[in-house]
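Please read the structure below before turning to the comments.
The values are calculated or read from the model by the stated rules, or taken from the named source; none is laboratory data. Quick caveat: nothing in here was measured; it's all calculated off a predicted structure. Here Cβ is always computed from backbone atoms with ideal geometry, including for glycine, and neighbour counts include all displayed protein chains.
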Amino acid sequence: ELEIKNLEVRLETGAEMKRAADGKNAELVRELEDILEMRQAFADVVSAGIAKGISEGLKHGVEHGRSQLGLESIEAYDPEAEAKFVTALQSLKDLKFSLLDQL
C-alpha cells in the first residue's frame, strides 16, 4: 500500500514537472517569435535607410555633377525610398516588445 502511494506521488510530481516544462517551453517559443519579428523590423529599417541614402546620394550627385543623365535612367535610384524608410520605421515603432512589457 505504501509503495503504491509513493508511486502515485512520484507520478503526480512527474506530471507537474512536465506541465511546468511545457509552460516554460511555450513562453520561450513566444519570446523567440517576438525576437525574430523585432530582428526583421530592424533589418527592414536598415535596408530602407541604406536605399534612402543611396537614392539621396545619387540625386545630389546627378544634380551637382550636372550630368547628362536623368535620375530616372539610374537603376539604383528609388524615388519612393523616403516613403519606404518611413513605413519601415513606423512598423518598428508599432511593434509590441513583450520582453520590455514585463519590466
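Pull up the stretch 47-71, narrow it to residues that are more than 30 Å from Glu33 (Cβ to Cβ) and under 24 Å from the mean Cα position of the chain (by Cα), then point me to the one that is modelled with the highest pLDDT. Looking at residues that are more than 30 Å from Glu33 (Cβ to Cβ) and under 24 Å from the mean Cα position of the chain (by Cα), I get Gly53.
Of all residues in the stretch 77-103, exactly one satisfies the criterion of being at pLDDT below 60 and outside any helix (DSSP H, G or I), namely Leu103. For Ile74, are the conditions met, namely being modelled with pLDDT under 85 and of a type in the set (A, V, I, L, M, F, W, C)? Yes. Test Glu3 against the stated conditions and say whether it is at pLDDT 90 or above, exposed (fewer than 10 other Cβ atoms within 10 Å of the Cβ) and either over 19 Å from the mean Cα position of the chain (by Cα) or in a helix (DSSP H, G or I) (or both). Spelling it out, Glu3 is indeed at pLDDT 90 or above, exposed (fewer than 10 other Cβ atoms within 10 Å of the Cβ) and either over 19 Å from the mean Cα position of the chain (by Cα) or in a helix (DSSP H, G or I) (or both).
Quick grid of which residues meet (1) in contact with a helix residue (DSSP H, G or I) (Cβ under 7 Å, 6 or more places away or on another chain); (2) surrounded by 15 or more Cβ atoms within 10 Å (Cβ to Cβ); (3) among the acidic types (Asp, Glu):
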position: Glu16; (1), (2), (3): no, no, yes
position: Ala21; (1), (2), (3): no, no, no
position: Val29; (1), (2), (3): no, no, no
position: Val45; (1), (2), (3): yes, yes, no
position: Gly53; (1), (2), (3): no, no, no
position: Gly57; (1), (2), (3): no, no, no
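Of all residue pairs spaced 6 or more apart or on separate chains, those with beta-carbon atoms under 6 Å, a first member in the stretch 34-50 that is over 10 Å from Leu92 (Cα atoms) and a second member that is in a helix (DSSP H, G or I) are Asp34/Ser98; Ala48/Lys84; Ala48/Phe85; Ala48/Ala88; Gly49/Phe85.
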